[in-house]
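Here's the structure we're looking at; comments come further down.
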Amino acid sequence: MSRKALGGKLLVAMMAVLGLSIGMAGNAVANGEVNIYSYRQPFLIKPMLNAFTHQTGIKTNVVFAPKGMITRLKKEGKNSPADVVLTVDIGRINDAVEAGVLQRVKTKKLAANVPSWDRDPSGLWYALTRRARIVYASRERVKPGDLSTYEALTDPKWKGRICIRSSQNAYNVALLASLVAHHGEAKAEEWAKGLKANLARKPQGNDRAQVKAIFSGECDISLGNSYYMGKMLTNEKQIAWAESVFLFFPNQDGRGAHMNISGAGVTKYAPRKDNAVKLLEFLSDDLAQKMYAEQNFEYPVKPGVPWSGLVESWGKFKADELDMVKVAKNRATAVRIFDRVGIP
Ligand code: FE
């Protein structure tokens, strides 16, 4: 390859890396568009965005980045082309709040679609989907009657039988943050100690890797987000893992199962705020809610929107309606507890 051709290729590659943001900046004044910075994978949100364009005629441009989006928004400041941020986990949403990159938005539709405990009271963000963080248990070695609450996972009968992913993972941080909110720091720390004492191995891998470990006999129960059951059942290589476990929704006689969310907010300097609000309203409304639920086996936030058939088959359950703002507030404490207790 000639040097010139190579140079050309490099330039194209660099343009591809920078391209989306250049494209966005160029379109910043155009009407009929909305620019999205997304932590959510493109394949998950594309169908909803297509439906939005179909319904409103507003074109969507998505920059997907699994990391660094909030830093980028902060750096871009008033020049940011972004109108909307889509994130997963209350932690990420809270990071965006703390970085000051969101603006307050309040509409009747958003208030009607999203329950009060699943949105920021001042309108900085709205949850769009919910997921339960629950127990995956071996069909062979555990009976549903053996399980009851998150608190009971510290019972010595589970010694050497529990697998979890790293405590640094946002889903685990949120779960512990909910325990801090419900019981206070000292009791939550006791719980973390008890959990550590029952671990079958050093925390590692993702939620699905824990189910694989149950399948292979390394442990008997794990903690995982509900939608991974759907993902495993629709993945040829993982069906056997999924079929080796049953789902257990803890704390059904009390506050209900811990819920986490994915959510969205309008950026502080959104050049197309009107379109951004339209998008949030659309994503929180019946059609998109149903699509979200089908696509990723999540729970709709909007009351009355049907669940996917598979999710429905896991059964109705009581969900903890703890205000997600309280979960967010206790995240830092949760991280410190995991640290002190020494769960990696
Ligand atoms: Fe996940």
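The values are calculated or read from the model by the stated rules, or taken from the named source; none is laboratory data. Everything numeric here is computed off the predicted structure, so don't read it as measured data. Reconstructed Cβ throughout: ideal geometry from the backbone, glycine too, with neighbour counts over all protein chains shown.
Can you tell me which residue within region 200-212, out of those that are within 17 Å of ARG133 (Cβ to Cβ) and of a type outside the set (D, E, K, R), is farthest from the ligand (Cβ to nearest atom)?
Among those residues, the one meeting the criterion is PRO203.
For residues that are touching a helix residue (DSSP H, G or I) at 6+ places or on another chain (Cβ under 9 Å), part of a helix (DSSP H, G or I) and among the small types (Gly, Ala, Ser), tally how many sit in region 276-311.
Going through region 276-311 one residue at a time, the tally reaches 3.
Give me the pairs: first residue in region 193-212 and in contact (Cβ under 8 Å) with a residue 24 or more places away in the chain and of a type in the set (Val, Ile, Thr), second residue more than 16 Å from the ligand (Cβ to nearest atom) and in a helix (DSSP H, G or I), beta-carbon distance under 6 Å, and six or more apart or on different chains, which are they?
none
Does THR60 satisfy the criteria of being in contact with a Ser or Thr (Cβ under 8 Å, 6 or more places away or on another chain), among the polar types (S, T, N, Q) and within 16 Å of the ligand (Cβ to nearest atom)?
no
Could we say that LEU86 is under 29 Å from LEU176 (Cα atoms), within 16 Å of the ligand (Cβ to nearest atom) and modelled with pLDDT of 95 or more here?
Answer is yes for this residue.
For region 206-215, check the following and say yes or no: at least one residue is under 30 Å from LEU73 (Cα atoms), part of a loop (DSSP other than H, G, I, E, B) and of a type in the set (S, T, N, Q).
Yes, because at least one residue in region 206-215 is under 30 Å from LEU73 (Cα atoms), part of a loop (DSSP other than H, G, I, E, B) and of a type in the set (S, T, N, Q).
Looking at SER226, SER244, which one is modelled with pLDDT of 95 or more, within 15 Å of the ligand (Cβ to nearest atom) and among the hydroxyl-bearing types (Ser, Thr, Tyr)?
SER226
Residue by residue, here is whether (1) in contact with a helix residue (DSSP H, G or I) (Cβ under 6 Å, 6 or more places away or on another chain); (2) away from the ligand (no atom under 16 Å from the Cβ); (3) closer than 27 Å to PRO250 by Cβ; (4) in contact (Cβ under 8 Å) with a residue 24 or more places away in the chain holds:
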site: ALA99; (1), (2), (3), (4): yes, yes, no, yes
site: LEU102; (1), (2), (3), (4): yes, yes, no, yes
site: ALA111; (1), (2), (3), (4): no, yes, no, no
site: SER116; (1), (2), (3), (4): no, yes, yes, yes
site: ASP120; (1), (2), (3), (4): no, yes, yes, yes
site: ALA127; (1), (2), (3), (4): yes, no, yes, yes
site: TYR150; (1), (2), (3), (4): no, yes, yes, yes
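Mind checking which helices (runs of 4 or more DSSP H) fall wholly inside region 41-138 and carry at least 3 residues that are small (Gly, Ala, Ser) and assigned by TED's automatic domain parsing to the domain that holds ASP286?
90-99
If you check every pair at least six apart or on different chains, which have Cβ atoms under 8 Å apart with a residue in region 273-298 that is over 29 Å from GLY224 (Cα atoms) first and a residue that is assigned to a loop (DSSP other than H, G, I, E, B) and charged (D, E, K, R) second?
LYS273/ASP83; ASN275/ASP83; ALA276/ASP83; LEU279/ASP83
Of the conditions (1) closer than 27 Å to TYR227 by Cα; (2) part of a helix (DSSP H, G or I), SER166 satisfies every one except a single condition; which number is it?
(2)
Looking at region 223-251, I want the residues that are under 25 Å from VAL173 (Cβ atoms) and of a type in the set (A, V, I, L, M) and have a partner that is in a loop (DSSP other than H, G, I, E, B) and within 16 Å of the ligand (Cβ to nearest atom) with Cβ atoms under 6 Å, at least 6 apart or on another chain. Which pairs are those?
Correct list of pairs: LEU223/ILE164; MET232/GLN238.
When you scan region 146-162, do you find a residue that is at pLDDT below 95 and either surrounded by fewer than 20 Cβ atoms within 10 Å (Cβ to Cβ) or at positive phi (or both), even just one?
No: zero hits.
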